[in-house]
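A quick write-up on the structure given underneath.
Every number in this text was worked out from the coordinates using simple rules, so none of it is lab data. Just so you know, these numbers come straight off a predicted model, no measurement behind them. With ideal geometry, Cβ positions are generated from the backbone for all residues, glycine too; neighbour counts draw on all protein chains shown.
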């Protein structure tokens, strides 16, 4: 009789724990997302409904600022040092035990090879230990879909994804169904802004010592005169939707050298016109992004790739946090009758939440879900969707003139 009562008590306690758990309360599945594609170690637990139960993020920004850029082996070691803690924090903040998870989603492409490897190795060990399904995630797909976690948005829609490592335009037709309209040919916009910031030695500026290069450019540009320097918009004679920023950076570098000579200062010393240089650089980047996006919208309309009314442009990625660039894109969307959506800045940069949400989307549709024992490889370079860049170029759409008058 006594053992039976003990067993009954244990059963009641187990039921209480289950009833109080987030998975039972929401009657939804739970996904753990893990992100290590570059220099952020992120993890988050999401309910299928999109509710964030808990997250953790370790940023390597300060380390890379001191070294003047991301050094892949350093980033790799920092991921190794922090990934177990970050994942554990996300689980603890969620009050979720690994046994309650429905799946684990992890970035496996594209990104820095050494960084991707850390996240993949940890995740495969984790899913095998806890016998959980594994969902490999395309980093850019995750950026594209994040906004659907925040509000209802039906497919298809146009996405502009801009960051330190990427710039692309694509039509999202489904969770894993994309049409690629344009991509960066050399360096990405975030990389360009960071390199210009380093060349300007903005880390020595009292307002910028703790900011990333892109953040420093945006801050100083607020008090700058962008018209003081005139930088030619890249690829003006090529009528496609691809991006090129290396030529623009060369223009800026030559202007910096000229100003240093005129001011009689050496490289590494702050220019007196640094605010104006930042403003002109930011405007040139924004103009290039806006013009290529404008052509993408016109191409989509001409080919019936977006709804005839109520079409949406989603802008995400780290560079999408730049308010000046958002305003430039808003001018384009207002002119073309397209709705502009941007996730909050926190969700534009790399994080575990967007990876977990991508896992939720794939889990719902049963796409790309693997058993825990399947071997998966990371892919540093991985295109997104079906490539239509040749078709876009062949269409040779010329843009009507639009004045990008942006007030900070």
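By the gyration tensor of its Cα atoms, with a ≥ b ≥ c the square roots of the eigenvalues, what is the shape of the stretch 271-368: rounded for a/c under 1.5, prolate for a/b over b/c, or oblate?
oblate
In a GNM of the chain with a 10 Å cut-off on Cα contacts, which of 137, 71, 332 has the highest mean-square fluctuation?
71
Build a GNM of the chain with springs between Cα atoms under 10 Å: which of 94, 308, 209 gets the top mean-square fluctuation?
So, out of 94, 308, 209, the one fluctuating most is 308.
Taking the alpha-carbon centroid of each part, what is the distance from the stretch 177-193 to the stretch 64-81 in angstrom?
One Cα centre to the other: 23 Å.
Restricting to bridges with both residues inside the stretch 99-183, how much of the DSSP beta-bridge set is antiparallel, in percent to the nearest 5?
So the antiparallel bridges amount to about 70 percent of the total.
Residue separation times 0.36 nm, minus the C-alpha to C-alpha distance between residue 267 and residue 303: what's the value?
Roughly 8.0 nm would be gained on extension.
Match the structure shown to one of the listed values [x] 4, 18, 21, 18, 13, 10, 9, 6, 2, 0; [y] 4, 18, 26, 21, 13, 8, 5, 3, 2, 1, 0; [z] 5, 22, 29, 24, 13, 5, 2, 1, 0, 0 of P(r) over Cα pairs in 10 Å bins from 0, in percent, computed from it, and give that label.
Entry [z].
Please rank 109, 381, fewest neighbouring Cβ atoms within 10 Å first, as an exposure proxy.
So the residues, fewest neighbours to most, are 381, 109.
Which shape class applies to the stretch 76-223: rounded if a/c is under 1.5, otherwise prolate when a/b exceeds b/c and oblate if not, where a ≥ b ≥ c are the square roots of the Cα gyration tensor eigenvalues?
oblate
Quick one: compute a quarter of the convex hull surface over the Cα atoms of the stretch 167-232 and quote it in nm².
Seen from a random direction, the Cα hull of the stretch 167-232 projects 6.7 nm² on average.
Please report the relative contact order for the chain, taking Cα pairs under 8 Å with a sequence separation of at least 6, and give it as a percent rounded to a whole number.
Here the relative contact order equals 22 percent.
Which whole-number percent is the relative contact order of the stretch 288-351 (Cα, under 8 Å, 6+ apart)?
Relative contact order comes out at 42 percent.
What is the spin-label model distance, in nm, from residue 376 to residue 403 if the labels are put 7 Å beyond Cα along the C-beta direction?
Reported label-point gap for residue 376 and residue 403 is 5.1 nm.
Mind sorting 378, 324 by how few other Cβ atoms lie within 10 Å of their own Cβ, fewest first?
Ordered by Cβ neighbours within 10 Å, fewest first: 324, 378.
Find how much the distance from residue 232 to residue 204 grows on full extension, using 0.36 nm per residue of separation minus their present alpha carbon separation; answer in nm with one decimal.
Full extension of this stretch gives 7.3 nm more.
Once you put a point 7 Å from the Cα of residue 253 and another 7 Å from the Cα of residue 391, both along the Cβ direction, what distance in nm separates them?
Placing both labels 7 Å beyond Cα along the Cβ direction yields 3.7 nm.
What FRET efficiency comes out for the pair residue 260/residue 222, r = Cβ-Cβ distance, R0 = 30 Å, nearest 0.05?
Using R0 = 30 Å, I get an efficiency of 0.80.
Between residue 81 and residue 95, what length in nm is gained on full extension when 0.36 nm per residue of separation is reduced by their alpha carbon distance?
Length gained, residue 81 through residue 95: 2.7 nm.
Could you check what % of the DSSP bridge pairs in the chain are antiparallel, to the nearest 5?
Here the share of antiparallel DSSP bridges comes out near 60 percent.
Restricting to the stretch 42-177, compute how many DSSP beta bridges are antiparallel as a %, nearest 5.
Here the antiparallel bridges make up roughly 70 percent for the stretch 42-177.
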